[in-house]
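I'd like to ask you about the structure that follows.
The values are calculated or read from the model by the stated rules, or taken from the named source; none is laboratory data. All values derive from a computational prediction rather than experimental measurement. Every residue, glycine as well, gets a Cβ built from its backbone with ideal geometry; the counts of neighbours run over all protein chains shown.
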Amino acid sequence: MHKFLPSLFILLLTFSYGQRPQGKRPNPIKITGTVLDKDTDQPLEYATLVLQSIRNPDKITGGITDINGKFNVEAFPGKYNVRVEYISYKTYVLESQTFQSSTDLGIIKLGLDVAQLEAVEVVGEKTSVEVRLDKKIYNVGKDLTNSGATISDALDNIPSVTVDVDGAIALRGNGNVRILINGRPSALAGFGSTDALQQLPADAIEKVEVITSPSARYDAEGTAGILNIVLKKEKTRGFNGTINTNIGYPERAGITANLNLRTNKFNLFNTIGYSYRRPPGNGFFDNTYFDGAFDRIIEDRDIIRSNSGFNANLGIEYFLTESSSLTASIFGRINDGEDITENNTTRFVSNSIDSRTLRREIEIEDEKSYQLSINYNNDFNDEGHKLTADFQYSYDEEVKPTTIIENNTFPNEQAIASENINEIEKQNEVLIQADYVLPMGDAQFEAGYRGNFEENDNDFSLEELNLETNIFVPNLGLTNRFIFNQNVNAVYAQYGNKYGKFSFLTGLRLENTQLKGEVIGVDVTTLQEILGPEIDLDFDKNYLGLFPTVNLTYELAENENITLGYNRRINRPRGWFINPFPSRSSRTNVFQGNPDLDPAFANAFDLGYLKRWKKLTLTSSVYYQKETNSFERIQEETGEITTDGIVIIRSIPINLSTNERVGAELGLLYNPTKWWRINGSFNFFQFNSDGVFNGIDFGAKNTSWFSRFSSKVTLPAKIDWQTNAFYRGPTQNAQTENEGIFSINIALSKDILKDKGTIAFNVSDLLNSRKRMSFTQTPFFTSDSEFQWRERQFTLSFVYRINQKKQNSNNRKRDENSNDDEEY
């Protein structure tokens with residue numbers, strides 16, 4: 001396999017070179033002119049010139065006017081349809097114009113068109129969701145509640161997506177979702193962790209692609225599907241950008257600048273930002289035990305998390321020729337955090353208080369992430385024949401020194417325990433990818449290779465205070481170093497075609513996964529006794545699998561179609577799910593990874609329906625998924641007790657036998673008037689899992705649903721008011737029942753400074769109701785709990801646009817040979 005992949009890669013490059021047309025393309029010419037207001041003869045800045053090739057209508061180029069209303073656009077000689085557009089003005093049209101040399105179109109005067117103004121605003125809202133063969137694309141920039149928010153907050157406003165109170169992301173209620181940045185695994189996404197997404201600004205996002213039926217081109221990881229976060233990269237020539245500042249309560253502040261400079265030979269883009277947050281959280285746990293020294297234990301937790309972070313993404317796209325470019329970018333993130341958790345615990349024997357303790361945990365989080373990306377793109381012709389090649393290196397390091405002190409507060413004030421923990425986690429990832437696309441009339445063939453090579457090095461040391469000598473002593477049984485490697489090599493090919501109203505895209509992906517783990521420098525005798533002799537702590541596993549995909553579309557009418565998708569997916573266990581050493585977040589409730597975990601595999605079917613009316617768009621689908629070897633976190637007794645007599649309970653992930661999921665979703669976008677826009681979605685799902693572990697049946701059946709509603713109203717004085725409401729119904733698994741969660745976000749915004757600035761005020765979780773309330777029941781204890789990750793947040797933000805109009809986003813697709821519609 002390892003010898004075969006490089007050979008295929010060389011073959012692809014050789015084949016693509018041989019397909020390249022011979023001969024040199026003609027030199028570009030210049031199309032110039034001036035756009036004025038018909039009534040005042042004032043120049044119109046940001047008016048758009050659109051040149052549409054008659055030979056290939058999908059090939060569109062153009063540009064915008066400067067402060068003097070002048071445009072100067074390069075194009076190749078040929079025959080074009082010409083349009084000059086400006087928001088709220090009638091469009092100027094010239095049909096079938098032949099340009100063989102540089103041409104001055106002279107002075108073009110545009111008149112106002114109030115009816116067009118309404119149409120443009122409606123279209124602008126409708127393009128907030130685009131439906132493709134294998135995905136839905138959401139433009140998150142139109143959501144006012146994202147002002148001053150994080151990427152995690154923005155994802156929580158996307159239909160089909162939920163983000164729970166812990167920051168965990170789920171797609172259609174399924175937490176096994178693959179997060180990509182610009183189509184690739186990224187340090188921005190924390191290599192599978194969602195922590196970084198709770199720190200990076202939402203205004204860096206251009207759009208989010210929800211891919212529930214991925215084609216063979218995408219990584220087969222993620223049984224629920226893929227969320228691809230596409231970052232902004234301006235395509236308008238000249239210098240432009242935005243600066244976003246925010247301040248809020250509880251304590252938060254931030255500033256982000258998205259800046260872009262584009263010329264004929266290069267495009268320089270940059271996102272840089274700083275943020276500070278100090279959101280309070282809380283938790284309450286009422287535990288009843290059937291064994292042990294105590295009958296009941298109540299834990300009351302207060303959580304304060306402080307985070308200050310700096311992030312920067314700098315890139316340059318250099319146009320090597322008229323058809324090829326080289327893009328290089330570097331991303332860096334530095335985050336300093338401190339989590340302080342105070343846990344007041346009350347212990348009962350029968351109904352009487354036996355003792356009270358205070359546990360104080362201070363965890364410092366110093367994190368650094370770096371990522372270097374290089375992309376080569378060659379468009380051999382205007383019909384889509386192209387080759388792309390990518391290289392990406394990512395590095396993430398997190399240093400987490402933690403101090404834990406626990407003391408009695410009743411009936412005495414004796415010290416119980418004190419620990420010093422030092423954990424250093426390093427992650428390295430290399431990605432190599434090549435994709436080749438060959439159009440064949442209405443058909444298209446595509447093939448490629450992707451290699452992902454990831455190493456996770458976790459170094460953990462623990463010192464415990466000897467209460468008799470008052471000296472910290474290393475705990476050699478838990479001090480450890482665990483190295484985990486995940487290497488994935490994949491090749492794919494896919495073919496698509498269209499016959500009348502019927503379109504299809506079918507493909508096959510071959511992936512080889514290597515999972516390798518090694519425990520270094522520790523006596524694992526005790527650990528091996530806990531996990532069992534059948535579990536290998538030093539392992540090297542290989543899995544070879546085929547992953548077919550099929551996506552079909554039939555157009556019932558111009559604005560109506562049905563889709564059917566099938567794909568096979570894989571869920572690979574991540575490093576923290578495999579690391580066998582138990583966590584120290586609690587003396588009595590620990591999480592422990594399972595190195596014996598195998599990947600889970602799923603077959604998924606998706607049937608969709610789309611219908612567009614003048615003011616209403618309806619999207620719907622029903623889906624079914626069957627997953628084998630699925631993961632489930634179960635709780636069990638460890639057989640150990642603390643020094644003060646509390647039974648230690650362990651959470652551990654296991655492979656259950658099957659998990660069947662069926663569901664349906666409905667989405668509506670409605671524009672009853674130009675000043676009111678409504679967006680709603682509903683998702684219903686049921687899953688049924690079964691499996692036995694250590695003689696206990698952990699099978700469960702659960703039916704749940706979640707729904708969103710968003711209303712955006714334009715008030716007098718050009719004030720926009722948006723309300724987002726969300727409800728997630730009750731859920732359950734084999735041991736835990738979760739109550740439903742309801743929350744409301746509101747936002748107000750107004751354009752100022754001649755539409756160059758926008759000031760906004762929003763409230764996240766207006767009712768302070770975003771809390772997880774759960775009840776867990778096992779053969780040895782019950783737990784009634786309430787947890788709130790972040791309390792209600794007030795934010796005031798200001799956005800200033802440099803050489804941009806607020807409505808400019810509607811025109812970007814028509815500018816500078818944009819390739820936004822291509823897959824990553």
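Right, D751: surrounded by fewer than 15 Cβ atoms within 10 Å (Cβ to Cβ), of a type outside the set (S, T, N, Q), on the phi < 0 side of the Ramachandran plot and out of contact with any His (no Cβ under 7 Å at 6 or more places or on another chain) or not?
No: the conditions fail for D751.
Only one of (1) crowded, with 19+ Cβ neighbours inside 10 Å; (2) touching a Phe, Trp or Tyr at 6+ places or on another chain (Cβ under 7 Å) is not met by T563, so which one is it?
So T563 meets the others, but not (2).
Can you tell me which residues in the range 655-679 are among the hydrophobic types (A, V, I, L, M, F, W, C), in contact with a Phe, Trp or Tyr (Cβ under 7 Å, 6 or more places away or on another chain) and at pLDDT 85 or above?
Residues satisfying the conditions are V662, A664, L666, I678.
Note down all Cβ pairs under 8 Å where the first residue falls in the range 609-627 and is over 15 Å from T563 (Cβ atoms), the second is outside any strand (DSSP E or B) and of a type in the set (S, T, N, Q), and they're at least six residues apart or on different chains.
W613/N559; Q625/T223; E627/T223
Okay, next question. Please find, among R481, R450, the residue that is surrounded by fewer than 17 Cβ atoms within 10 Å (Cβ to Cβ) and of a type outside the set (A, V, I, L, M, F, W, C).
Within the list R481, R450, the selection yields R481.
Of all residues in the range 757-803, how many are farther than 27 Å from A168 by Cβ and hydrophobic (A, V, I, L, M, F, W, C)?
Selection size over the range 757-803: 7.
Output the residues belonging to the range 379-405 that are more than 28 Å from the chain's Cα centre (by Cα) and part of a strand (DSSP E or B).
Scanning the range 379-405 gives D379, P401, T402, T403, I404, I405.
So which residues in the range 475-512 are without any contact (Cβ under 8 Å) to a residue 60 or more places away in the chain, assigned to a strand (DSSP E or B) and under 30 Å from F581 (Cα atoms), if there are any at all?
R481, I483, N485, N487
On to the next question. Of these, I272, I229, I316, which one is β-branched (V, I, T), in the same structural domain as S769 (by TED's automatic domain parsing) and over 25 Å from I64 (Cα atoms)?
Going through I272, I229, I316 in turn, the sole match is I272.
Which of (1) surrounded by fewer than 22 Cβ atoms within 10 Å (Cβ to Cβ); (2) modelled with pLDDT of 75 or more; (3) under 30 Å from Q686 (Cβ atoms) does V165 not meet, given it meets every other one?
If we test V165 against (1) surrounded by fewer than 22 Cβ atoms within 10 Å (Cβ to Cβ); (2) modelled with pLDDT of 75 or more; (3) under 30 Å from Q686 (Cβ atoms), just (2) comes out false.
With within 41 Å of the chain's Cα centre (by Cα), at pLDDT below 90 and surrounded by fewer than 17 Cβ atoms within 10 Å (Cβ to Cβ) as the only criterion, which of E85, E45 stands out?
Among E85, E45, only E45 is within 41 Å of the chain's Cα centre (by Cα), at pLDDT below 90 and surrounded by fewer than 17 Cβ atoms within 10 Å (Cβ to Cβ).
Restricting to the range 69-96, and then to whatever is in contact with a Gly (Cβ under 6 Å, 6 or more places away or on another chain) and not aromatic (F, W, Y), can you tell me which residue is nearest to N56 (Cα to Cα)?
Checked the range 69-96; the qualifying residue nearest to N56 (Cα to Cα) is V73.
A further question on this structure: For L510, work out the one condition from (1) crowded, with 17+ Cβ neighbours inside 10 Å; (2) under 30 Å from I649 (Cβ atoms) it doesn't fulfil.
That leaves (2) as the condition not met.
Of all residues in the range 720-743, how many are among the β-branched types (V, I, T) and modelled with pLDDT of 90 or more?
2
Restricting the search to the range 275-297, which residues are among the hydrophobic types (A, V, I, L, M, F, W, C) and surrounded by 17 or more Cβ atoms within 10 Å (Cβ to Cβ)?
Scanning the range 275-297 gives F285, F294, I297.
Residues checked against (1) in a loop (DSSP other than H, G, I, E, B); (2) polar (S, T, N, Q); (3) touching a Ser or Thr at 6+ places or on another chain (Cβ under 6 Å):
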site	(1), (2), (3)
G33	no, no, no
L49	no, no, no
N56	yes, yes, no
F71	no, no, yes
D104	no, no, yes
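Can you tell me which of (1) assigned to a loop (DSSP other than H, G, I, E, B); (2) within 21 Å of the chain's Cα centre (by Cα) is the one I272 doesn't meet?
(1)
Out of all the residues in the range 706-715, is one or more free of Cβ contacts under 8 Å to residues at least 60 places away in the same chain and out of contact with any strand residue (DSSP E or B) (no Cβ under 7 Å at 6 or more places or on another chain)?
no
Based on what the data block shows, is D390 of a type in the set (D, E) and either within 30 Å of A257 (Cβ to Cβ) or without any contact (Cβ under 8 Å) to a residue 40 or more places away in the chain (or both)? Step through it out loud before you land on a result.
Numbers: of a type in the set (D, E): yes; either within 30 Å of A257 (Cβ to Cβ) or without any contact (Cβ under 8 Å) to a residue 40 or more places away in the chain (or both): yes.
So D390 fits the description; yes.
When you check D291 against the structure, is it farther than 30 Å from L546 by Cβ and part of a strand (DSSP E or B), yes or no?
No, not satisfied.
Taking only the range 714-733 into account, find how many residues are more than 28 Å from the chain's Cα centre (by Cα) and surrounded by 14 or more Cβ atoms within 10 Å (Cβ to Cβ).
If we filter the range 714-733 for residues that are more than 28 Å from the chain's Cα centre (by Cα), which is where we start, we get 714-719.
Filter again for surrounded by 14 or more Cβ atoms within 10 Å (Cβ to Cβ), leaving 714.
Within the range 714-733, residues that are more than 28 Å from the chain's Cα centre (by Cα) and surrounded by 14 or more Cβ atoms within 10 Å (Cβ to Cβ) number 1.
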